[in-house]
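A.B. asks: Just dropping this structure here.
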Amino acid sequence: MSTSIANNLSHNKYYIWIVKNLFSSWVNSLFTIIALIFIYEVGSFFLNWAIFEADFRYNFQGELITDRILCSKNIVPGEYGACWAIIYVRWDQFMYGFYPVEELWRVNLTFALLPLAIIGVLFDKIPFRRYFIYFTFAYPFIAYFMLYGGPGLSTVGTNKWGGLLVTLFLGVTGIALAFPLSILLALGRRSKLPIIKSICVVFIEFIRGVPLITLLFTANVMLPLFLPDGVNPDNLLRALVAVTLFQAAYMAEAIRGGLQAIPRGQVEAAQSMGLTYWQTTRKIVLPQALKIAIPPIVNTCIGLFKDTSLVLIIGLFDLLGIGRAALSDMTWTKLYYEVYVFISLVFFIFCFGMSRYSLYLEKKLKTDNS
Amino acid sequence: MTEQVIQLEKVNKWYDDFHVLKDIDLSVEKGQRIVICGPSGSGKSTMIRCINRLEAHQEGKIVVHGTELTNDLKNIDLIRKNVGMVFQQFNLFPHLSVLDNISLAPIWVKKMPKKEAEEIAMSYLEKVKIPEQAEKFPGQLSGGQQQRVAIARSLAMNPDIMLFDEPTSALDPEMIKEVLDVMIQLAEEGMTMLVVTHEMGFAKTVADQMIFMDEGRIVEQAKPEEFFNNPKSDRTKLFLSQILNH
């Protein structure tokens with residue numbers, strides 16, 4: 001008896017919400033119906049294409065797909081959807097580029113350790129956080145050793161790296177290096193010392209005034225000119241330098257916005273108690289400024305992560321570059337949709353993750369009742 | 001034998017062309033409680049902000065505890081450790097809990113162990129009568145409570161001089177008393193205090209010197225009974241009539 005009343009009530013609640021929000025007037029109802037039809041049409045088209053009428057490893061005749069001509073849609077045109085076999089067959093390339101197959105465990109291990117390396121930075125309430133942070137600082141060395149090689153491990157040149165490995169390498173390293181640099185740039189730009197201030201202003205304005213592609217070309221062509229003879233950094237490192245500087249300039253402006261929002265009284269209160277400039281900056285100014293700047297900082301991080309795909313123009317095979325390489329392979333050519341949808345999905349997962357994390361942070365750091 | 005703790009000699013200060021402080025002479029003895037009043041823009045806040053170097057003066061001499069304020073950062077740090085300040089806008093750190101607000105400076109400036117600093121913080125919170133708010137954030141407190149936390153935060157550095165820059169001006173009327181009560185208690189304990197305020201009732205209760213400032217000058221300085229009953233300058237008379245009879 002009582003449960004049926006409860007059911008009725010909850011039923012009522014949804015019913016009331018639907019009537020109130022979707023069918024409150026006949027215009028509203030009309031738009032609701034049109035929108036539902038639209039969502040149904042687009043959604044069913046996509047799901048049919050991507051899942052229900054798609055090939056994964058085998059075509060409709062049960063044959064293993066090793067060539068695009070075996071895709072169902074190429075056997076019976078118009079009847080079938082996506083042919084995901086290209087992703088399956090070239091999975092290793094999408095993930096690792098041309099990394100030697102027998103050494104792939106090294107990349108997998110590095111990937112697997114990455115969450116452990118960043119979890120301590122992202123979350124402050126986890127047990128043993130201190131040890132996670134230690135690991136965060138050790139991780140770059142471990143990753144370098146695992147990926148590039150060293151004593152006991154064969155060397156794998158960065159020209160063999162590719163796919164998600166390069167995308168993550170540039171994205172994660174670029175963001176990690178750019179963050180401290182951008183804080184210094186933002187503080188420097190507000191400094192009272194004229195020389196420091198002008199260096200920061202010139203750097204930020206110059207980098208922001210130039211397209212990333214130009215920076216990548218510049219780094220690729222001109223970096224060797226500035227370095228002593230014999231020092232010849234590889235392409236990936238050059239790209240990393242360009243990406244890091246680019247990211248640092250943008251992030252610095254985001255952080256400067258946060259710094260400007262801190263009332264003068266905060267600094268005065270800290271100073272009046274005898275805190276030094278660096279203590280005030282570290283304990284009072286930055287925690288508040290970074291909190292305010294979380295949305296724009298994450299925005300630039302997401303931007304950078306996607307912009308790493310530009311490195312394909314200087315001959316690096318990031319995820320997008322590998323996808324294009326796959327498409328230029330005569331065996332698999334013309335499967336554009338599959339490749340680009342897959343690449344989009346991978347980028348989306350990482351970018352959406354960053355976006356959700358930023359929302360979580362904003363919520364967590366809220367300290368007032370508003 | 002009284003001890004001079006603050007001395008200002010012929011202090012002048014400009015903001016660009018604007019002459020904010022004109023030939024300020026002032027000496028404060030240990031345990032003295034000086035209330036400074038005057039119309040807005042008269043330089044009273046600027047004057048006390050010069051005493052802990054939140055503002056730099058351009059001419060003259062400011063000596064606190066025998067240390068002269070110059071550009072020497074060491075001297076500035078030394079003086080700031082012994083001079084507490086309470087602001088009109090409280091200026092609590094919104095990202096830190098009340099307890100962390102108070103224990104911050106003892107931990108970082110005095111290098112005190114965290115536990116000890118927090119015990120001291122709690123003792124000052126009890127002194128300002130809000131120990132139960134220790135774990136809250138400033139944004140969750142009323143204005144009067146925030147200002148009392150700000151006073152506790154300054155006291156936690158164990159200063160021997162306290163500067164108050166219009167401590168009750170940003171408060172709702174019903175909260176002013178709780179803050180003034182704390183300040184009266186401090187005065188009774190013998191703290192050297194410089195208070196910029198328009199709370200004349202408070203001034204009559206605790207001040208042993210009144211200062212009236214106008215247009216960057218100290219126009220009148222006198223004991224409270226004389227200041228209120230028999231002001232010498234016309235400017236002071238006008239000001240007092242305006243704030244006392246409204």
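A.B. asks: Within 11 Å, Cβ to Cβ, of B:S42, how many net charges do the neighbouring residues add up to if Lys/Arg are +1 and Asp/Glu are -1?
C.D. replies: Result for the local shell: +2.
A.B. asks: List the pair-distance distribution P(r) of chain B, using every Cα-Cα distance, as the percent of pairs falling in each 5 Å bin from 0 up to the bin containing the longest distance, rounded to whole percents.
C.D. replies: Taking every Cα pair in chain B, the percentages come to 1, 6, 13, 17, 19, 17, 13, 8, 4, 1, 0, 0.
A.B. asks: Still on this model: Other chains' Cβ within 10 Å of A:271-282 residues: what's the mean?
C.D. replies: Average neighbour count from other chains, rounded to a whole number: 6.
A.B. asks: Let me ask something additional. For chain B, take the longest principal axis of its alpha carbons; what is the angle in degrees between that and the long axis of helix B:114-127, to the nearest 10 within 0 to 90?
C.D. replies: In chain B, helix B:114-127 runs at an angle near 60 degrees to the longest axis.
A.B. asks: For chain A, calculate the relative contact order in percent as a whole number, restricting contacts to Cα pairs under 8 Å that are 6 or more residues apart.
C.D. replies: Values: 379 pairs, mean separation 61.2, N = 370.
Once normalised by length, the contact order is 17 percent.
A.B. asks: Per-residue Cβ counts within 10 Å, from other chains only, averaged over B:73-81: what number is that? Let's see the in-between values first.
C.D. replies: Values: counts 2, 0, 0, 2, 4, 1, 1, 6, 2.
That average works out to 2.
A.B. asks: Dividing the convex hull volume of the Cα atoms of segment A:259-370 by its residue count, what figure in Å³ per residue is obtained?
C.D. replies: 133
A.B. asks: Additional query: Add +1 for every Lys or Arg and -1 for every Asp or Glu among the other residues with Cβ under 11 Å from the Cβ of B:I218, and state the total.
C.D. replies: Overall, the nearby charge balance is -2.
A.B. asks: For segment B:130-178, state which GluC sites (Glu not before Pro) are in a DSSP loop and have at most 14 other beta carbons lying within 10 Å of their beta carbon.
C.D. replies: Answer in residue order: B:E135.
A.B. asks: Please give the average number of partner chain Cβ atoms lying within 10 Å of the Cβ of each residue in A:262-268, rounded to a whole number.
C.D. replies: That average works out to 4.
A.B. asks: Next question, about the same structure. What ranking, highest mean first, results for peptides A:348-359, A:86-97 when packing means the other Cβ atoms within 10 Å averaged over each residue?
C.D. replies: By packing density, highest mean first, the sequence is A:86-97, A:348-359.
A.B. asks: Would you mind calculating the relative contact order of chain B from Cα pairs under 8 angstrom and at least 6 residues apart, reporting the percent as a whole number?
C.D. replies: 26
A.B. asks: Calculate the all-directions average of the projected area of segment A:169-284's alpha-carbon convex hull, and give it in nm².
C.D. replies: 8.7
A.B. asks: What is the packing order of peptides B:229-239, A:214-224, taking the mean over residues of other C-beta atoms within 10 Å and listing the highest first?
C.D. replies: Top to bottom by mean Cβ count within 10 Å: A:214-224, B:229-239.
A.B. asks: For the protein assembly as shown, give the share of DSSP beta bridges that are antiparallel, in percent and rounded to the nearest 5; count only bridges with both residues there.
C.D. replies: That works out to approximately 55 percent antiparallel.
A.B. asks: If you consider only alpha-carbon coordinates, what radius of gyration and Dmax does the protein assembly as shown have, in Å?
C.D. replies: That works out to 33.8, 110 Å for Rg and Dmax.
A.B. asks: Would you mind pulling out the separation of the Cα centroids of segment A:195-262 and segment B:31-100, in Å?
C.D. replies: Using only Cα atoms to place each centre, the spacing works out to 41 Å.
A.B. asks: Continuing with the same structure: Within a Cβ distance under 11 Å of B:E3, other residues only, what is the Lys/Arg minus Asp/Glu net charge?
C.D. replies: -1
A.B. asks: Apply the Karplus curve 6.51 cos²θ - 1.76 cosθ + 1.60, θ = phi - 60°, to the phi angles in segment A:251-265 and return the couplings in whole Hz, x for Gly and Pro.
C.D. replies: Karplus values, whole Hz, x for Gly and Pro: 5, 4, 5, 4, 5, 4, x, x, 4, 5, 7, 7, x, 4, x.
A.B. asks: Further question on the same structure: Can you give me the pair-distance distribution of segment B:33-159, C-alpha pairs, 10 Å bins, whole percents?
C.D. replies: In order of increasing distance, the bins hold 12, 37, 32, 17, 1 percent.
A.B. asks: Mind checking the alpha-carbon convex hull of segment A:58-188 and giving the volume per residue in Å³?
C.D. replies: Values: hull volume 26.5 nm³, N = 131.
Convex hull of Cα atoms, per residue: 202 Å³.
A.B. asks: Now for a separate question. Arrange the following residues from fewest to most other Cβ atoms within 10 Å of their Cβ: A:M330, A:M251, A:M146, B:M200.
C.D. replies: Result, fewest neighbours first: A:M330, B:M200, A:M146, A:M251.
None of the figures in this text is laboratory data; all of them are computed from the coordinates on show. None of the values given here were measured: they were computed from a predicted structure. When we count neighbours, we look across all protein chains shown, and the Cβ atoms used for this are built from the backbone with ideal geometry, even at glycine.
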